[in-house]
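The values are calculated or read from the model by the stated rules, or taken from the named source; none is laboratory data. Computed from a predicted structure; not experimentally measured. Here the Cβ positions follow ideal geometry from the backbone for every residue, glycine too, while neighbour counts run over all protein chains shown. Please note that ligands, DNA and RNA were not included when accessible areas were found on the heavy atoms of the full protein model with its side chains. Shrake-Rupley method; radii C 1.70, N 1.55, O 1.52, S 1.80 Å.
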Amino acid sequence: MLGAIAGDIIGSVYEFDNIKTKDFPLFREDSVFTDDTVLTVALADSILSGRPYVDLLHEYYHRYPDVSYGGRFRAWAESGSREPYNSFGNGAAMRVSPVGWACDDLDTVLLEAERAAAVTHDHPEGIKGAQATAAAIFLARTGSSKQDIQSWIEQRFGYDLSTPLDQIRPHYRFDETCQGTVPQAIRAFLESEDYEDAVRNAISLGGDSDTLACITGGIAEACFTVPRTVEAVVSRLLGDELARVVRGFEARYISSALQGGLS
């Protein structure tokens with residue numbers, strides 16, 4: 001989960017100022033967390049506390065109302081609705097990383113990812129994007145090879161993960177859909193050498209940079225872990241309230257696997 005949050009923060013400054021290169025500073029003075037981080041932590045808090053996803057999504061929206069939410073999510077949260085709005089936006093995938101860590105088998109991951117997505121994103125593509133992301137995290141953290149992850153995701157969800165980033169990058173544009181974000185984000189992980197390289201791959205595509213890097217970073221953490229230098233910056237930028245939830249989630253679900261944690 002920390003990898004997803006770090007990806008969001010690193011990509012935040014490039015969302016509306018796209019770059020097509022891997023040569024950029026990981027953090028700048030204006031790097032901030034966005035809705036991707038807030039809603040990821042909301043799901044983690046729900047899993048920790050047992051409170052319904054819908055309650056925590058509403059609650060975190062009102063705690064952090066000014067972090068660049070999508071228009072449809074903002075309208076949903078402001079209305080107090082408890083019904084989904086049939087979205088296939090990439091918000092379903094960007095917030096789902098806690099599910100990939102909290103579940104003990106792949107079938108449960110898929111079921112829980114669907115539940116977490118369908119609170120708002122009950123369109124089949126929204127659910128598929130969340131499931132593919134959570135499954136990739138689960139497979140990576142349980143030792144599957146990149147080749148096996150690629151094959152399983154392609155066979156289960158029908159995504160084409162074979163196109164190299166160098167072929168995607170020149171023509172890729174801003175796309176807020178799951179089907180236009182998740183395959184590219186997974187490909188960025190598949191071509192990576194370590195966590196930092198994965199995030200750089202994702203941001204170099206352009207497009208919805210913070211969300212691409214959030215999805216890619218969540219998977220990359222499960223394979224490579226997050227560097228301590230990155231973790232330290234994220235800890236400072238999150239603030240006490242969000243960091244507390246992240247620490248609690250890591251202590252329960254992640255530290256035993258990665259021997260890490262938000263210090």
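Overview of values
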quantity: Residues that are open to solvent by less than 10 Å² (accessible area, probe 1.4 Å) and either of a type in the set (Asp, Glu) or part of a loop (DSSP other than H, G, I, E, B) (or both), drawn from region 92-110; calculated: ARG95, VAL96
quantity: Region 111-130, residues that are of a type in the set (A, V, I, L, M, F, W, C) and surrounded by fewer than 20 Cβ atoms within 10 Å (Cβ to Cβ); calculated: LEU111, ALA118
quantity: Among (1) aliphatic (A, V, I, L, M); (2) open to solvent by less than 60 Å² (accessible area, probe 1.4 Å); (3) within 21 Å of ILE47 (Cβ to Cβ), the one test that LEU237 misses; calculated: (3)
quantity: Residue that is modelled with pLDDT under 95 and of a type in the set (Gly, Ala, Ser), where the choices are SER81, SER12, SER68; calculated: SER68
quantity: Selection from region 112-150 of residues that are within 28 Å of ARG72 (Cα to Cα), among the acidic types (Asp, Glu) and either assigned to a helix (DSSP H, G or I) or touching a helix residue (DSSP H, G or I) at 6+ places or on another chain (Cβ under 8 Å) (or both); calculated: GLU112, GLU114, GLU125
quantity: Test result for ILE19, in a helix (DSSP H, G or I) and either among the hydrophobic types (A, V, I, L, M, F, W, C) or open to solvent by 10 Å² or more (accessible area, probe 1.4 Å) (or both); calculated: no
quantity: Hey, ALA4 closer than 21 Å to GLU250 by Cβ, within 15 Å of the chain's Cα centre (by Cα), part of a helix (DSSP H, G or I) and in contact (Cβ under 8 Å) with a residue 40 or more places away in the chain or not; calculated: yes
quantity: Selected residue (only one of GLU193, GLU154, GLU176 is open to solvent by 30 Å² or more (accessible area, probe 1.4 Å) and touching a strand residue (DSSP E or B) at 6+ places or on another chain (Cβ under 7 Å)); calculated: GLU176
quantity: Members of region 51-80 that are without any contact (Cβ under 8 Å) to a residue 24 or more places away in the chain and hydroxyl-bearing (Ser, Thr, Tyr); calculated: TYR60, TYR61, SER79
quantity: Qualifying helices (runs of 4 or more DSSP H) (wholly inside region 151-263; at least 2 residues being over 23 Å from TYR64 (Cβ atoms) and in contact with a Lys or Arg (Cβ under 9 Å, 6 or more places away or on another chain)); calculated: 165-168, 182-190, 195-204, 209-224, 255-258
quantity: Any hit, region 31-40, residues being open to solvent by less than 10 Å² (accessible area, probe 1.4 Å), in contact with a Pro (Cβ under 8 Å, 6 or more places away or on another chain) and over 23 Å from LEU212 (Cβ atoms); calculated: no
quantity: Region 67-86 - residue that is farther than 21 Å from ALA44 by Cβ and not in a helix (DSSP H, G or I) and, of those, most open to solvent (accessible area, probe 1.4 Å); calculated: GLU83
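Rundown of residues vs (1) out of contact with any Cys (no Cβ under 9 Å at 6 or more places or on another chain); (2) farther than 22 Å from ALA102 by Cβ; (3) of a type in the set (A, V, I, L, M, F, W, C), yes/no style:
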| residue | (1), (2), (3) |
| --- | --- |
| GLY143 | yes, no, no |
| LYS146 | no, yes, no |
| GLN150 | yes, yes, no |
| ILE153 | yes, no, yes |
| ALA185 | no, no, yes |
| ASP210 | yes, yes, no |
| CYS214 | yes, no, yes |
